[in-house]
1. Quote the relative contact order of the stretch 2-123 in percent (integer), defining contacts as alpha-carbon pairs under 8 Å separated by 6+ residues.
2. Have a look at 158, 171, 190 and report the one farthest towards the positive end of the charge dipole of the stretch 145-276, computed about the Cα centre with Cβ charges (Lys/Arg +1, Asp/Glu -1).
3. At q = 0.13 Å⁻¹, what is the base-10 log of I(q)/I(0) for the chain according to the Debye formula with one equal point scatterer per Cα and no solvent? Please give it to two decimals.
4. Tell me the GluC sites (Glu not before Pro) within the stretch 120-175 that lie in a loop according to DSSP and have at most 16 other beta-carbon atoms within 10 Å.
5. Evaluate the distance, in nm, between pseudo-label points positioned 7 Å from the Cα of residue 279 and of residue 33 along their respective Cα→Cβ axes.
6. From the helices alone, meaning DSSP H stretches of at least four residues, give me the mean residue ellipticity at 222 nm for the chain, per-run term -39500 (n - 2.57), in deg cm²/dmol to the nearest 500.
7. On C-alpha positions alone, give me the angle between the axis of helix 153-166 and the longest principal axis of the chain, in degrees, nearest 10.
8. If you restrict to DSSP beta bridges whose two residues both lie in the chain, what percentage is antiparallel, to the nearest 5?
Amino acid sequence: MKILIANNQLNNLGGSETFTFTLIEELVSRGYHVEYFTFEFGLVSDRIEQDLKVSFMSKKKYDLILANHNTCVKKLYKFGFIIQTCHGIFPKLEQPSSKANAYVSISTEVQNHLGTLGFPSILIHNSINLKRFQSIKPINKKLETVLSLCHSKEANEFVKRACTDLEVNFLKAFKYGDTIWNIEEKINEADLVVGLGRSAYEAMACGRPVLVYDNRRYFDSCGDGYVKDKLGFSLQNNCSGRYTRQSFTLDLFKKELQKYNANDGLYFRNFAEKELNVKHNIERYLNFWKENVKNNIQAKKQRKIKLSQEIIGVKNTQRLIKALKQISIINNDD
């Protein structure tokens, strides 16, 4: 079985980039022949080639293509059955392409968005390698260190001010300045992590309580806060902060930090094992592909039967030729 994994860019660290690496890593471990595709090469594509021994696209046909962005679908739709995974509702790259064969949404929010556009999809949450992202160092009973995985300088400064006021150590791993591949090691230095989306999920997998918050260019500063008691709701919006859309003053943010409970670390790890485990999620992708292929074969058979029945009753020569051509096209598709 030949599988191609595609992402618009693999030149730097980001949510879809690490998601791509994780899928490839799991599929390779199962013995599949895996290759990758991207338009932009760099840090992540180098890791894919060096660490996973996976090469750039070389085949003319693949059994399955898992593509993250509509640019990839447009480029690759002739090379095999494509499942497009949509990770968001705002970015242009995340919008569904009509050239894909099937669709996966990583949150209920995305699934609803695709539905309104006329693209049905199944829901499979973000996928994490739980062997890589796990608790190596136990967290402290009292909050001592906070790690910010926020994507803006403004958000990092805001979190730092709150930590200073609470006399708590502040750490940051700034995506656009401090590129850290082994981010799980940095997460394990903290008791609590502040961030959104995949950053939050990786922290949960490491058994760290999470405060969902950021200040990003495509929406106003907001968050869901300390999410232990509303994780299921926050998950509907990919832990993006858009469930409650709460704006935080410095005092309110400090109160959220003070909700820290070391016992919640196990709760978050259990959640990751249930919903985010790449081993379980890749099974869902493969089963989804098999179901679609099976349905396509059955649909083609039904079309052949219908056309054959029409031919039996055809007296007009031109209609007969047209029907025979249609069956020929179906056979060529097979």
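1. About 21 percent, as a whole number.
2. The Cα lying farthest towards the positive end belongs to 158.
3. So the normalised log intensities are -0.96.
4. Filter output for the stretch 120-175: 144, 167.
5. 2.7
6. -13500 deg cm²/dmol
7. The angle comes out near 40 degrees.
8. Percentage antiparallel, nearest 5: 15.
Taken together, the values in this text are just the output of simple stated rules run on the coordinates, not laboratory data. Bear in mind that the values here come from a model prediction, so they are computed numbers and not experimental data. Counting neighbours? That spans all protein chains shown, and the Cβs are built from the backbone with ideal geometry, glycine included.
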